[in-house]
Amino acid sequence: MSGQDRAGLRVVIADDQALVRTGFRMILAADGMEGVGEAADGGQAVEAVRRHRPDVVLMDIRMPGLDGLEATRRILTGAPGEPRVVILTTFDLDQYVYAALAAGASGFLLKDVTPEYLVAAVRMVRAGDALLAPAITRRLVERFAVRDAGTATRHRDLAALTPRELEVLELLATGLSNAELAAAFQLSEATVKTHVARILSKLNLRDRAQAVVVAYETGLVTPGSGPAG
């Protein structure tokens, strides 16, 4: 990514700890990104997003008043130009983080993330990729995903997928990268990317994070299946 592109990347940081906000802002600024707004609770986060229209929101999941989960839901309500939301948490197995992924967050980071990984993560979600640490995400989804009739009804358009798209979704949900999917199906990465894009479009999903959630909630993938992350 060029310096010009980084300079144009705008971030809102929502965390109830001022030191965390300051630290993250300094890390991003050192890479040329702009912290356009800060928030100490979910209500402030929603307002900051409306005011500044950032590309990415770093959202603490547990804040006083309006928490990060409800703030994420309000931000990602289908408004045009909505930002990517990355959840910040001190725990890697948290039902609120799972709920945020289901609500449309593009992934999550532990608060002890290294500066280098924080910068890379913001770039990834800005580019449209889901921020998934496969091993952690699978454990998170397997622990908290709930299968019920309502879920099946909401995603009955799973039937719109072709047999190959179903196969791709099934392996995608176990944590395989595009390169690993390409090797598994003996396809080019470009073809795999096309399959993934079609899956997201047909299911009206924002990114791979939501695709993983849907695959478990509909029973396409069951806990313990697929390769270990």
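The values are calculated or read from the model by the stated rules, or taken from the named source; none is laboratory data. Since the model is a prediction, treat every value here as computed from it, not as a measurement. Neighbour counts run over all protein chains shown; Cβ positions are idealised from the backbone, glycine included. Accessible surface is based on the protein model in full, side chains and every heavy atom, while ligands, DNA and RNA are left aside. Shrake-Rupley method; radii C 1.70, N 1.55, O 1.52, S 1.80 Å.
Here residue 135 clears all of (1) open to solvent by less than 20 Å² (accessible area, probe 1.4 Å); (2) part of a helix (DSSP H, G or I); (3) modelled with pLDDT under 85 except the condition numbered (1). Counting only strands (runs of 3 or more DSSP E) that sit wholly inside region 1-116, those with at least 1 residues that are modelled with pLDDT of 95 or more are 10-14, 34-39, 56-60. Checked across region 171-181, the condition of being polar (S, T, N, Q), modelled with pLDDT of 90 or more and under 20 Å from the mean Cα position of the chain (by Cα) holds for no residue. Restricting attention to region 180-224, the residues being touching a helix residue (DSSP H, G or I) at 6+ places or on another chain (Cβ under 8 Å) and either among the hydrophobic types (A, V, I, L, M, F, W, C) or open to solvent by less than 10 Å² (accessible area, probe 1.4 Å) (or both) number 21.
Is there a residue being under 20 Å from the mean Cα position of the chain (by Cα) and not hydrophobic (A, V, I, L, M, F, W, C) anywhere in region 26-33? No: region 26-33 contains no residue that is under 20 Å from the mean Cα position of the chain (by Cα) and not hydrophobic (A, V, I, L, M, F, W, C). Taken across region 79-89, residues that are buried (at least 21 other Cβ atoms within 10 Å of the Cβ), closer than 21 Å to residue 216 by Cα and either in contact (Cβ under 8 Å) with a residue 60 or more places away in the chain or not aliphatic (A, V, I, L, M) (or both) do not occur at all.
Does region 157-166 contain at least one residue that is in contact with a helix residue (DSSP H, G or I) (Cβ under 7 Å, 6 or more places away or on another chain) and at pLDDT below 85? The answer is yes; a qualifying residue exists.
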